[in-house]
1. Please report, in debye to the nearest 20, how large the charge dipole of segment 250-316 is about its Cα centre when each Lys and Arg carries +1 at its beta carbon and each Asp and Glu carries -1 there.
2. Using only the alpha-carbon atoms of segment 240-355, report the extent along each of the three principal axes, biggest first, to the nearest angstrom.
3. Show me, for segment 157-167, the HN-Hα J-couplings you get by feeding each phi into the Karplus relation (A = 6.51, B = -1.76, C = 1.60, θ = phi - 60°), rounded to Hz, glycine and proline as x.
4. What list of ³J(HN,Hα) couplings, whole Hz, do you get for segment 324-330 from phi and the Karplus terms 6.51, -1.76, 1.60, once you set θ to phi - 60° and write x for glycine and proline?
5. Quick check on segment 261-329: what are the equivalent-ellipsoid semi-axes from the Cα gyration tensor, as sqrt(5λ), descending, whole Å?
6. Please list, in order along segment 241-254, the HN-Hα scalar couplings obtained from phi with the Karplus expression 6.51 cos²θ - 1.76 cosθ + 1.60 (θ = phi - 60°), rounded to whole Hz, x for Gly and Pro.
7. Among the listed pairs Lys191/Lys263; Lys123/Lys208; Lys309/Lys385; Lys237/Lys368, give every one whose C-alpha distance is greater than 29 Å.
8. Can you give the extra length, in nm with one decimal, that the chain gains between Gln126 and His254 once fully stretched, where that is 0.36 nm per residue apart less the Cα-Cα distance?
Amino acid sequence: MERVAKTRNAFPYSTGSVKQHITGKSHDSSDTLNEEEIEIIVGSNHANIGEVFDLDIFKDEIQNAPPQLDDGVQATVDELKKLNLGTTQEPRPIFVSALLSPEEEEEVKYPTWISSIVPAKKKNGQIRICVDFRDLNKICPKDDFPLPIIELMVDATTGHEALSFMDRLSGYNQIRMLPKDEEYTAFRTPKGIYCYKVECYIDDLVVKTKKREEHLTDLQMLFNRLRKYNLKMNPLKCAFSVTSGKFLGFIVRHCGIEVDPAKIDTIQKMPPPRNLKELRSLQGNLAFIRRFISNLVGKCQPFNHLMKKDAHFQWDEGCQNTFESIKRHLLNPPVLGAPTPGKPLILYIAAQERSIEALMAQENEEGKEKPLYYLSRTLTENELKYSPIEKAYLVLCHQEVEALL
C-alpha cells in the first residue's frame, strides 16, 4: 500500500461536490469558497486528503518511543465479557471480526497483559470497538507532554474570522507502535486475543486566522506539514474557512463561546435520577458546562444529601424542583467571551449560606460587559462559620479566579 496520500486526481469527489464536504453540516460559513480557494485546499501541491477507505500504516518504528514499563509490575488479565453491540442485523462474531483489520491488529499468543473490549456506538450508528486500558494506564510512565487545558484551547479559538476544522483519516491507526510494546496492548475478543500494532493518537485539527484573507496561507503551511509526515485527512469530516464550529464540546465563534446544543439536549432528555449512579451522571454533564451556569454549586445543594456515604436515595420535591430549574436555565444559556490579554477584568462576587460564587467579565470593543466565566464552589464545614465578608474574600482565593487574575 502506498505511503503517499492520493492527490487531487484521485480525490473521490468532483470539484462541484467538494464544497459540500469541506464545509460540513455542523459549521456555519458566511462566505462561499471560490474556485481558487478550493484548488488550494484540495490541490495536489498542498493538500494531503486521502480517500475515505484508504488506510496507510507506518511501517517504521516510532522514533521517540515513551519510557518502558518498570520491571516487576504486576500484570492484569481481564475476563471475556459479554458484548452488547446494540444490533441484531449481524451476528456478533462477524461484527467483531470485521473491525479487526490485519493492518491495525494482529493475533498474539501467551500475552502477560490482557484487556477487555468495550463497544461504543458512533454518531452515525456504526460500532466503534474500544479497549479498556485503565489498568495499563495506572502503571504506565506519565507523559512529559500532557494534554493542554480544554478551556484555554477553547478560549484561544474565539476571535478569529476564519476557522478550519479537520479530522485525520483513521488517525488512531497511522503511527507505528514500538514492536516490543505491542504485547502490552493485548485484548480479548470472541475471535481470539489480539494486540495493537499502531499508536493511539488524537487526530482533530483546527486552523484559526485573525483575518480571513490570511487563512489560505495558514492552511498551506499546515498541508505542507501533513505531507511531510504522510498524514491524511478525512474529507467527510473537514470544514474549511467557516465562521463557527464544534470544538472540544463547545461551539466557537468569532464573537464568543456557546454550549454545544447536543450537550444541552442530553440533559433536557434526562429523566429524574433514580439512583446514585444516574445522579452522578447528571452532575458530570453539568460540570462540563459549569462555566455557563450561574452558581451551579448553589443550585445543586438539594442533591448533596443524596451523595453522602450510605445515604438512602430518596428523590424528593426539593430535588425535582432544582432539576427542573436547571433545565429551564439551559433553555437559554449565555454566550460567553474569552479573556482578552491587556484589558482589565471585572469580578462580581457573592457569598451564599453554603456556597460562594463569582462572575468574571470584561468589556468588549463596544464598551459593553461580556461574561467570561461563572464560578462557584461549596463551603467546607469550617468555612460555614465564616462571616459574610470572610466568605466573600474566599472567592478571591478560588483556584480558577486566581488563574484568571
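1. 140 debye
2. Principal extents (Cα only, largest first): 52, 35, 23 Å.
3. For segment 157-167, the Karplus-derived couplings read 8, 7, x, 10, 6, 10, 10, 10, 10, 10, 10 Hz, x marking Gly and Pro.
4. Per residue, the Karplus-derived 3J(HN,Hα) values read 5, 5, 5, 5, 5, 4, 6 Hz.
5. 19, 13, 12
6. Here the 3J(HN,Hα) series is 6, 10, 9, 7, x, 7, 8, 6, x, 10, 9, 9, 9, 5 Hz.
7. Distance filter (> 29 Å) returns Lys191/Lys263; Lys237/Lys368.
8. Taking 0.36 nm per residue and subtracting the Cα distance, the gain is 42.7 nm.
Every read-out reported here was derived from the displayed coordinates using simple, explicitly stated rules and does not represent laboratory data. Nothing here was measured: the structure is a model prediction, and the numbers come from that model. Every residue, glycine as well, gets a Cβ built from its backbone with ideal geometry; the counts of neighbours run over all protein chains shown.
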